[in-house]
Amino acid sequence: MEPVVDLRGAVAVAGRFPALAGVDLTVERGEVVLLHGPNGAGKTTLLRGCAGLIPFVDGQARVLGCDLRVDRRSVRHRVGLLSHATGLYDDLTVLDNLRFWGRAVGAEGDDIDAAMARLGLDGRLRDVPVAGLSAGQRRRTSLAVLVSRRPELWLLDEPRAGLDAAGRDLVDGLIGDAARAGATILLSSHELDRAAVVADRSVEVVGGQVRPPPARAPEGAAAGASDVA
Amino acid sequence: MWRDAALVAAKDLRIEARTRVALNQLAPFAVLVLLLFAFAFDAERTVLRGATPGLFWVAILLASLLAVQRAFALERPDGLRDAVRLSGLHPGGLFLGKVAAVAVQLFALEALLAVGVVALYDASLSAPLLLVPTCIVGALGLAAVGCTYGGLTGGQRVAETILPLLVLPALAPLLLAATQAFEAAAEDRPGEGWRWLALLVAFAAGYVGLGTATFGILLDDG
């Protein structure tokens, strides 16, 4: 079966500079992969590239079977990107936002209701304009949009940012449920200990490249540093 | 595509209903333009009356710039442009939805300004069978041109200033045809006006087709 993410020597340019300088990364269906690395290493760019938002100019870049160097648009409605921005209309209510973004991909009313209930937005918050929500509530609404769309590939950029303890637990639960349902998840996080609990493996992004995992230790030695499950 | 267009138009109009930008800012702005023209031409009432079709469409054209800027400003903050690109919405449907929402607002504005020119300029409006289609197609054309260039400039930091530079020259044929058709209707000689309306229809259809076909590219490169 073809990997969900298959990048080989992939180069992406932001402005005049290569933001990704030859990335090699393969992610299989149902895997949860943690991206970590210093600020500016290229984690966000890698996630946006996989979403088809940034053009790859060299190497091979295939996501969900789509060749992103040829056609970036075909993959977009099949991925869900949770970025630092909310992607919500401030002047619409929580329910209006969920209905609009859900219906854009053909989500049913039940999917939308279930997502709102799961994220704790089915009470009084459903009719509150997004402009009136706290940062954490906005984050929950963005997550509800993501859940209702049922993407095949989840691209999560610091998904716990701005959430309280209960919200962080909720994110971990969502990731686990999505993976069990067959979705593939690529998440970036600086909370390595916490993220490692839900990830099958981690990869380090440094200087726009994925650093190769350390050489496998001899038989009987401690498990490889890249295995975090 | 049509389903997506209806979804986007309904969303934009819902936001408009909530924020009332057209009601509280666009309409007063357009009426103010009419008033300023009235002050400028006050000494020559006959000149004002004769220039009514042109002044009417210039006021609508200026207001359309604000309406288009507003329509694309909705998607500027907080990652909404990326969200739209990832939404799965058909780019053509997205364009048509934007055009429909702007055109509805402009048509309502035209109705208001028609009352305005009668009251302020002492203009007489006849031949409604020509006048109403001219206003509908004119609004559609203005919205189509504006949204085509709005898609191109929407992601730019200087969108507000560059949009008029691109749109105003492109709207010259529309301004000419709409003014001539309006004048023919005002002077109750519709026979001549139909030819200008036909030109207006061709212009609007051309831009609707162009925008529908290219909006995906504009959205990516803008």
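Only a single criterion out of (1) modelled with pLDDT under 90; (2) facing chain A (nearest Cβ under 9 Å) is not satisfied by B:VAL8, namely (1).
Being of a type in the set (D, E, K, R), free of Cβ contacts under 8 Å to residues at least 12 places away in the same chain and in a helix (DSSP H, G or I) is the filter; apply it to segment A:108-131 and report the residue that is surrounded by the most Cβ atoms within 10 Å (Cβ to Cβ).
Per the criteria, the residue is A:ASP113.
With respect to the stated conditions, A:LEU133 fails to be closer than 17 Å to B:ASP82 by Cα and within 13 Å of chain B (Cβ to nearest Cβ). For segment B:182-222, the tally of residues that are assigned to a loop (DSSP other than H, G, I, E, B) and farther than 29 Å from B:GLY154 by Cα stands at 3. Checked against (1) within 14 Å of chain A (Cβ to nearest Cβ); (2) crowded, with 20+ Cβ neighbours inside 10 Å, B:GLY116 passes all but condition (1).
Looking at A:GLY42, is it buried (at least 21 other Cβ atoms within 10 Å of the Cβ), more than 10 Å from every other protein chain (Cβ to nearest Cβ) and within 20 Å of the chain's Cα centre (by Cα)? Yes. The residues of segment A:62-104 that are aromatic (Phe, Trp, Tyr) and in contact with a Ser or Thr (Cβ under 9 Å, 6 or more places away or on another chain), listed by number, are A:PHE100, A:TRP101. Regarding segment A:20-38, can at least one residue be identified that is within 14 Å of chain B (Cβ to nearest Cβ), of a type outside the set (A, V, I, L, M) and in a strand (DSSP E or B)? Within segment A:20-38 (the criterion being within 14 Å of chain B (Cβ to nearest Cβ), of a type outside the set (A, V, I, L, M) and in a strand (DSSP E or B)), the answer is no, since none of the residues qualifies.
Of the helices (runs of 4 or more DSSP H) lying entirely inside segment B:37-109, those containing at least 2 residues that are touching a residue at least 12 places away in the same chain (Cβ under 8 Å) and either on the phi > 0 side of the Ramachandran plot or basic (Lys, Arg) (or both) are B:45-50, B:80-86.
Restricted to segment B:88-102, and to residues there that are within 10 Å of chain A (Cβ to nearest Cβ) and either surrounded by fewer than 23 Cβ atoms within 10 Å (Cβ to Cβ) or aromatic (Phe, Trp, Tyr) (or both), the residue that is nearest to B:THR19 (Cα to Cα) is B:GLY93. Right, B:LEU74: in contact with a helix residue (DSSP H, G or I) (Cβ under 8 Å, 6 or more places away or on another chain), modelled with pLDDT under 90, away from every other protein chain (no Cβ under 13 Å) and closer than 25 Å to B:ILE162 by Cα or not? Judged against the criteria, B:LEU74 is not a match. So, in segment A:58-79, of the ones that are more than 8 Å from every other protein chain (Cβ to nearest Cβ) and in a strand (DSSP E or B), which residue ends up farthest from A:ALA12 (Cα to Cα)? Among them, the one singled out is A:CYS66. Among the residues of segment A:76-94, are any among the β-branched types (Val, Ile, Thr), closer than 19 Å to B:PRO91 by Cα and either crowded, with 22+ Cβ neighbours inside 10 Å or at pLDDT 90 or above (or both)? Yes: segment A:76-94 contains one or more residues that are among the β-branched types (Val, Ile, Thr), closer than 19 Å to B:PRO91 by Cα and either crowded, with 22+ Cβ neighbours inside 10 Å or at pLDDT 90 or above (or both).
Applying the set (1) touching a strand residue (DSSP E or B) at 6+ places or on another chain (Cβ under 9 Å); (2) in a helix (DSSP H, G or I) to A:ILE54 leaves exactly one unmet item: (2).
A residue that is in contact with a Lys or Arg (Cβ under 9 Å, 6 or more places away or on another chain), under 23 Å from B:GLY209 (Cβ atoms) and at pLDDT 90 or above occurs somewhere in segment B:48-68.
Please go through segment A:80-108 and pick out each residue that is farther than 20 Å from A:ALA161 by Cα and either more than 7 Å from every other protein chain (Cβ to nearest Cβ) or more than 21 Å from the chain's Cα centre (by Cα) (or both). Answer for segment A:80-108, where residues must be farther than 20 Å from A:ALA161 by Cα and either more than 7 Å from every other protein chain (Cβ to nearest Cβ) or more than 21 Å from the chain's Cα centre (by Cα) (or both): A:ASP91, A:LEU92, A:THR93, A:LEU95, A:ASP96, A:ASN97, A:LEU98, A:ARG99, A:GLY102, A:GLY106, A:ALA107, A:GLU108.
Kindly indicate whether any position in segment A:13-23 is charged (D, E, K, R) and buried (at least 17 other Cβ atoms within 10 Å of the Cβ). Among the residues of segment A:13-23, not one is charged (D, E, K, R) and buried (at least 17 other Cβ atoms within 10 Å of the Cβ), which makes the answer no.
Within segment A:132-148, is even one residue in a loop (DSSP other than H, G, I, E, B) and at pLDDT 85 or above?
Taking segment A:132-148 as the starting set, the residues that turn out to be in a loop (DSSP other than H, G, I, E, B) are A:133-134.
Then keep just the ones that are at pLDDT 85 or above; that gives A:133-134.
Within segment A:132-148, one or more residues are in a loop (DSSP other than H, G, I, E, B) and at pLDDT 85 or above.
Scanning segment B:186-212 for residues that are aliphatic (A, V, I, L, M) and under 20 Å from the mean Cα position of the chain (by Cα) turns up B:LEU197, B:ALA198, B:LEU199, B:LEU200, B:VAL201, B:ALA202, B:ALA204, B:ALA205, B:VAL208, B:LEU210.
The values are calculated or read from the model by the stated rules, or taken from the named source; none is laboratory data. What you see is a predicted model; the values in this text were computed from it and never measured. With ideal geometry, Cβ positions are generated from the backbone for all residues, glycine too; neighbour counts draw on all protein chains shown.
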